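The values are calculated or read from the model by the stated rules, or taken from the named source; none is laboratory data. Please read all numbers here as calculations on a predicted model, not as lab measurements. No Cβ is skipped: glycine too gets one built from the backbone with ideal geometry, and neighbour counts run over all protein chains shown.
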């Protein structure tokens, strides 16, 4: 009525189309990540996604351009899902040991009830692409490296506060990652003893 | 000439055919394991192997029966290759800590220079099949379990001799497996720091 006009008001059709495109893109990328967690990134193709989602191949091709872009979008969405589930909610804890323990708790939450149907996206795709150089491996490696750096920084903060001293922060981060990945494998293979064992090793690593 | 006849001498044609079939079977299974280490067990098919090896699909189908039998044969041959490279040559060391260290040394040898083009067969296939129940997952799980049991038994022998005491043998075996798998991932991703870090963690685990 009397509200000031905005750029959006002037082109409602274009805006709505852009918003709809962004929503479609996000939901397709998320489904691609779900498929990749079970069947690997090589199982993700424009044709496969079109069939699964009941949309046209040309529609997906318009949104993503190529199979590789679709696979890269799956890696990106998986990274966001992990960050939203594990990292972001832990940031409200005090920096140092409390935040580190919150991260590890939520990380084990992803072991027990993974956000993806095939379990941890990172574990699945590292094993799949570790021997295949290229943009997909680079994106997977960058994601792993970034999370390891985040962990190391949190461990260093804890050390500055007098906890977990006596060992290199990067080494503790590496060992945490190794043991929680093994917990994930154990969980997926139905090995409850392995999950409990990993938990006890991690509790010991983070005890002070 | 005057040598006594054997059953083989009486049916040379049949024996030679059987021996040739066994050799063909072994070489096809080995190639299947090579392919699976890079592209996953789902990349192993009778058609793919026939093309790679320049033999007929019907020939491979006669030797293996089904795609699943071919995949199971790949798991079996990978297990034999690992046993031959890591376990068997270590058995000449004295039981306990010396043998355990020999196993771990050869295991790291497989990290640095894997017997398969895609790296560790076990790491690759566990990540691929952990969320797909069935005979392939069962075979992969049995292989992992058997090696973990072997490791635990060797650790227990070392403990009976007064080494590595104070921790449960199964827990040490789990942690060794977790850290060496992470070393393998690091090696495959070109992360030399990760491999050296894994080595230092394992040396610490086995120090006594």
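So the check is Cβ under 9 Å with 6+ separation or different chains; which pairs have a first residue in the range A:140-151 that's under 12 Å from residue A:129 (Cβ atoms) and a second one that's surrounded by fewer than 20 Cβ atoms within 10 Å (Cβ to Cβ) and at pLDDT 95 or above?
A:143/A:76
Take the residues of the range A:155-189 that are surrounded by 17 or more Cβ atoms within 10 Å (Cβ to Cβ) and outside any helix (DSSP H, G or I): which is nearest to the other protein chains (Cβ to nearest Cβ)?
The selected residue is A:189.
Please tell me if residue B:94 is outside any helix (DSSP H, G or I), over 26 Å from residue A:193 (Cβ atoms) and away from every other protein chain (no Cβ under 14 Å). Break it down stepwise before answering.
Values: outside any helix (DSSP H, G or I): yes; over 26 Å from residue A:193 (Cβ atoms): yes; away from every other protein chain (no Cβ under 14 Å): yes.
Against the criterion (outside any helix (DSSP H, G or I), over 26 Å from residue A:193 (Cβ atoms) and away from every other protein chain (no Cβ under 14 Å)), residue B:94 qualifies.
If the requirement is being more than 28 Å from residue A:207 (Cα to Cα) and surrounded by 15 or more Cβ atoms within 10 Å (Cβ to Cβ), which of these qualifies: A:78, A:102, A:85?
Details: A:102 fails: more than 28 Å from residue A:207 (Cα to Cα); A:85 fails: more than 28 Å from residue A:207 (Cα to Cα).
Unique residue meeting the criteria: A:78.
Going through the range B:106-115 one residue at a time, which ones are in contact with a helix residue (DSSP H, G or I) (Cβ under 8 Å, 6 or more places away or on another chain) and either surrounded by fewer than 16 Cβ atoms within 10 Å (Cβ to Cβ) or within 11 Å of residue B:158 (Cβ to Cβ) (or both)? Spell out how you get there, then give the answer.
If we filter the range B:106-115 for residues that are in contact with a helix residue (DSSP H, G or I) (Cβ under 8 Å, 6 or more places away or on another chain), which is where we start, we get B:106-112, B:114-115.
Of everything in the range B:106-115, those that are in contact with a helix residue (DSSP H, G or I) (Cβ under 8 Å, 6 or more places away or on another chain) and either surrounded by fewer than 16 Cβ atoms within 10 Å (Cβ to Cβ) or within 11 Å of residue B:158 (Cβ to Cβ) (or both) turn out to be B:109, B:112.
Within the range B:124-133, does at least one residue satisfy the condition of being under 20 Å from residue B:80 (Cβ atoms), out of contact with any helix residue (DSSP H, G or I) (no Cβ under 8 Å at 6 or more places or on another chain) and within 10 Å of another protein chain (Cβ to nearest Cβ)?
Taking every residue of the range B:124-133 in turn, none turns out to be under 20 Å from residue B:80 (Cβ atoms), out of contact with any helix residue (DSSP H, G or I) (no Cβ under 8 Å at 6 or more places or on another chain) and within 10 Å of another protein chain (Cβ to nearest Cβ).
Looking at the range A:25-34, which of the residues that are buried (at least 19 other Cβ atoms within 10 Å of the Cβ) and closer than 17 Å to residue A:61 by Cβ is nearest to the other protein chains (Cβ to nearest Cβ)?
Initial filter on the range A:25-34 (buried (at least 19 other Cβ atoms within 10 Å of the Cβ)): A:28-29, A:32-34.
Now narrow it down to the ones that are closer than 17 Å to residue A:61 by Cβ: A:28-29, A:32.
Values: A:28: 21, A:29: 20, A:32: 16 Å.
Here the answer is A:32.
Quick check: is even one residue across the range A:190-202 closer than 23 Å to residue A:121 by Cβ, surrounded by fewer than 18 Cβ atoms within 10 Å (Cβ to Cβ) and under 22 Å from the mean Cα position of the chain (by Cα)?
Among the residues of the range A:190-202, at least one is closer than 23 Å to residue A:121 by Cβ, surrounded by fewer than 18 Cβ atoms within 10 Å (Cβ to Cβ) and under 22 Å from the mean Cα position of the chain (by Cα), which makes the answer yes.
Restricting the search to the range B:193-208, which residues are more than 9 Å from chain A (Cβ to nearest Cβ), touching a helix residue (DSSP H, G or I) at 6+ places or on another chain (Cβ under 8 Å) and either under 23 Å from residue A:186 (Cβ atoms) or part of a helix (DSSP H, G or I) (or both)?
As a first pass, look at the range B:193-208 and keep what is more than 9 Å from chain A (Cβ to nearest Cβ): B:195-196, B:199, B:202-208.
Okay, now just the ones that are also touching a helix residue (DSSP H, G or I) at 6+ places or on another chain (Cβ under 8 Å), so B:195, B:199, B:202, B:205-206, B:208.
The answer is B:195, B:199, B:202, B:205, B:206.
Evaluate the following for residue B:146: is it assigned to a helix (DSSP H, G or I), within 30 Å of residue B:66 (Cα to Cα) and more than 9 Å from chain A (Cβ to nearest Cβ)?
Numbers: assigned to a helix (DSSP H, G or I): yes; within 30 Å of residue B:66 (Cα to Cα): yes; more than 9 Å from chain A (Cβ to nearest Cβ): yes.
In short, yes.
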